[in-house]
1. Just how much of Tyr101 is accessible, in Å², when a 1.4 Å probe is used and the result is rounded to the nearest 10?
2. Report the FRET efficiency, 1/(1 + (r/R0)^6), for Asp58 and Ala16, where r is their Cβ-Cβ distance and R0 is 45 Å, rounded to 0.05.
3. Could you check how many percent of all C-alpha pairs in the stretch 85-186 are farther apart than 21 Å?
4. Mind jotting down the distance between the C-alpha centroids of the stretch 122-186 and the stretch 85-113, whole Å?
5. Using a 1.4 angstrom probe on the protein heavy atoms only, line up Arg153, Arg72, Arg84 by accessible area, largest first.
6. Accessible surface of Ser177 in the full protein assembly, 1.4 angstrom probe, to the nearest 10 Å²?
7. Solvent-accessible area of His100, probe 1.4 Å, all protein chains present, reported in Å² to the nearest ten, please.
8. Provide the gained length on full extension for the span Arg158 to Arg80, in nm with one decimal, where the gain is 0.36 nm per separating residue minus the Cα-Cα distance.
Amino acid sequence: MEQELNLPYDRALSEAVWRRVAPELTPFAPLPAPEEREACCMAAPTEDGLVRVQRFIDEEVSMARAYRCHARSAPPAARRTLLRMADEELSHARTLLTAHYLMTGRFYQPPAAAGQEPSMPWCQLLRELYHEETCGGAAYAQAAEDTEDVCLRELFQRLSRAEYGHAAMLLRLLENSLTSGNNLLK
C-alpha cells in the first residue's frame, strides 16, 4: 500500500534536481521582477483598495450574522432561504479574506459581532434586506469598474451578481408574504 507523503514544497531543491537530471530543460520560469509583479493579479493594492476590500469583508460577515439571526424568527417557509443566504455571505467573506491575504500576506480579522439586530415587522425587514443587497451589488459593480486588477475585477463582478441574486430571493420572499394574506385572484 502506498503511503502519501505530505512534504513541504522546496523550489530550490526541485530546481537542483531538475538541473542534475535534465539540465537542458527549464521547468521553472524565473520569478518576475518586483516592478513586473505589480501588474500581476492580486498584487499589492492601494490603501483605498485595501480599505474597500476590508469594508466588503466586514459587510459580508455582518450580513451573514444578520441572516442567521433573522432566520430564528422568520416564518417557517423562509428560514431555509435565509440560512442559505447566510452561508453564501460567509462564503463571500472567505473569498474576500483570501483575496486580502493574497494582496497583503496578512490575515484580516473582521470586527466582533455588534448587538442584536433590532426586530421589525417581517415585510419591513425583507424590504430593508432587499435594499442592503441591491446596494451591495452596486458597490461591487462600482469596485469592479474602479480596479485595474483583472482578478479583482472578475471577483467583484461575480460578487455583484451574487448580491443581486440575493436581492431577487428576498423579493420572492416579500412577494409571497404580501400576497399570502391577500388573495389577489378573487
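The values are calculated or read from the model by the stated rules, or taken from the named source; none is laboratory data. Being a predicted model, the structure only gives us computed values, none of them experimental. Don't worry about glycine lacking a Cβ; one is built from the backbone with ideal geometry, like all the others, and counts go over all protein chains shown. Just so you know, the surface numbers come from the protein's heavy atoms only, side chains and all, with ligands and any DNA or RNA stripped out. Shrake-Rupley method; radii C 1.70, N 1.55, O 1.52, S 1.80 Å.
1. Its accessible surface works out to 120 Å², give or take rounding.
2. It comes out at approximately 0.50.
3. Tail of P(r) above 21 Å: 48 percent of Cα pairs.
4. 20 Å
5. Arg72, Arg84, Arg153
6. Here the accessible area works out near 40 Å².
7. 0 Å²
8. Full extension from Arg158 to Arg80 adds 25.8 nm.
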